[in-house]
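Take a look at the structure below.
Nothing in this text is a laboratory measurement; each read-out follows from the coordinates by a stated rule. These numbers were taken from a predicted model, which means no experiment stands behind them. Cβ sites come from the backbone with ideal geometry, for glycine too, and all protein chains shown count toward neighbours.
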Amino acid sequence: MFFSPVYFLFALPAMAFAMWAQWRVKSSFEKWSRVPSAQRMSGVDVARVLMRSEGLEYVQVERIGGMLTDHYDPQGKVMRLSEGSAQPSVAAMAIVAHELGHASQDKEGYVWLRARSGIVGVANIGSQLGSLLFFGGLILSSFAGGSLGYTVAMIGVVLFSAAVAFTLVTLPVEFNASARAREMLMRNGLVTVEEAQGVNAVLNAAALTYVAAAAQAIAQLLYFISILSRRR
């Protein structure tokens, strides 16, 4: 009923890219998780060194379940590390330094981080209600006719666009956090040349997942727009 060839032209390649990106980050993390750091420092130890040298001592460190669930909470000034990132490995160093890169952004007031924080509320609403309003509007238009259904569907597209914008704003935030991670590790002498290669591999693989998320969101938006264009 709401099929458009744009789905195959854009959505399927984006989904394939996302699956490949997930495989890359998982395989890179697993590979470098098996390589111990030269200084035998756990992820928590690395965090303490970087926090002390970078003026981030106020950041709290907490443990969290799951794999690759690490994140920095700018509201609570808390860095949450998964079990794998607390181990003395090259992968753990990369993940910990990346999250502290976000803490550094927060401390500095990095413009893209502030922009992402500013739209996160409407983006959450858009991701949850955008699709529902879009398809609900199409159904309403099919059975009731008139312009009301089209208007509802258009509101859904606008809301979903906020979620797309969030994925795009996320890209410079994540890329910059990884760049800061590399600089912090090198500046503090925590990585060897070989370990730096591993850190880059983990961070680059992780970056692909954010690019894939943006590609999927854009493909979905194009799919919605193509359907509306035909029905208009």
Exercise. Does anyone have the angle between helix 90-108 and the longest principal axis of the chain? Alpha-carbon axes, 0 to 90°, nearest 10?
Worked result: 70 degrees
Exercise. What translational diffusion coefficient, in µm²/s and rounded to a whole number, does the Stokes-Einstein relation yield for the stretch 150-232 at 37 °C and a viscosity of 0.692 mPa s, taking the hydrodynamic radius as the Kirkwood radius over Cα pairs?
Worked result: 217 µm²/s
For this session: Please list the non-local residues whose amide H lies under 5 Å from the amide H of HIS71, H modeled 1.01 Å from N, same-chain partners needing a gap of 5 or more.
Result: ARG80
For this session: Grab the DSSP H runs of the chain that are 4 residues or longer, score each as -39,500 (n - 2.57), total them, divide by all residues and round the 222 nm result to the nearest 500 deg cm²/dmol.
Result: -25500 deg cm²/dmol
Exercise. What's the local net charge at ALA103, with K and R +1, D and E -1, over the other residues with C-beta under 11 Å away?
Worked result: -3
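What FRET efficiency do you get for ARG63 and ARG114 if R0 is 35 Å and r is their Cβ-Cβ distance, rounded to the nearest 0.05? Each step should come with its number before you reach the end.
Details: r = 28 Å, r/R0 = 0.80.
It comes to 0.80.
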Exercise. Using a basic spin-label model with each label point 7 Å from the Cα along Cα→Cβ, how many nm lie between ILE218 and LYS31?
Worked result: 2.7 nm
Problem set entry | Footprinting exposure proxy for TRP20, TRP112 (fewest neighbouring C-beta atoms within 10 Å first) | TRP20, TRP112
Exercise. Once you put a point 7 Å from the Cα of HIS71 and another 7 Å from the Cα of MET186, both along the Cβ direction, what distance in nm separates them?
Worked result: 3.0 nm
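So for the chain, considering every pair of alpha-carbon atoms, how many percent are separated by more than 34 Å? Walk me through the numbers before you get to the answer.
On the way: 7285 of 26796 pairs.
Above the 34 Å cut-off, the chain has 27 percent of its Cα pairs.
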For this session: Please report, in debye to the nearest 20, how large the charge dipole of the chain is about its Cα centre when each Lys and Arg carries +1 at its beta carbon and each Asp and Glu carries -1 there.
Result: 480 debye
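How high is the FRET efficiency between VAL193 and GLN128 when r is their beta carbon distance and R₀ equals 35 Å, given to the nearest 0.05?
Details: r = 46 Å, r/R0 = 1.31.
So, using R0 = 35 Å, E works out to roughly 0.15.
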Problem set entry | With Cα atoms, 0 to 90° folded angle of helix 43-53 axis to the chain main axis | 80 degrees
Exercise. If you take the charge dipole of the stretch 15-123 about its Cα centre, with +1 on Lys and Arg Cβ and -1 on Asp and Glu Cβ, which of TRP20, MET41, GLY65 is farthest toward its positive end?
Worked result: TRP20
Exercise. Which trypsin sites (Lys or Arg not before Pro) in the stretch 36-126 pass both tests, a DSSP loop state and at most 12 other beta-carbon atoms within 10 Å?
Worked result: ARG40
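Using Cβ counts within 10 Å as a stand-in for footprinting exposure, how do VAL78, VAL173, VAL191 rank, fewest first? Before the final figure, lay out the partial values.
Details: VAL78 15, VAL173 21, VAL191 24.
If I rank by nearby Cβ atoms, fewest first, I get VAL78, VAL173, VAL191.
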Seminar exercise, completed: Listed with the fewest Cβ neighbours within 10 Å leading, GLU57, GLU183, GLU99, GLU174 appear as GLU57, GLU183, GLU174, GLU99
For this session: Could you compute the FRET efficiency for LEU148 and MET19, with r as their C-beta to C-beta distance and R0 at 30 Å, rounded to 0.05?
Result: 0.20
Exercise. With axes computed from alpha carbons, what is the tilt in degrees of helix 148-187 against the longest principal axis of the chain, rounded to the nearest 10 within 0 to 90?
Worked result: 10 degrees
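Taking the Cα centre as origin and putting +1 on Lys and Arg beta-carbons and -1 on Asp and Glu beta-carbons, what dipole magnitude results for the stretch 55-188, to the nearest 20 debye? Mind showing how you got there, number by number?
On the way: 9 positive and 10 negative charges, 37 e Å.
That gives a dipole near 180 debye.
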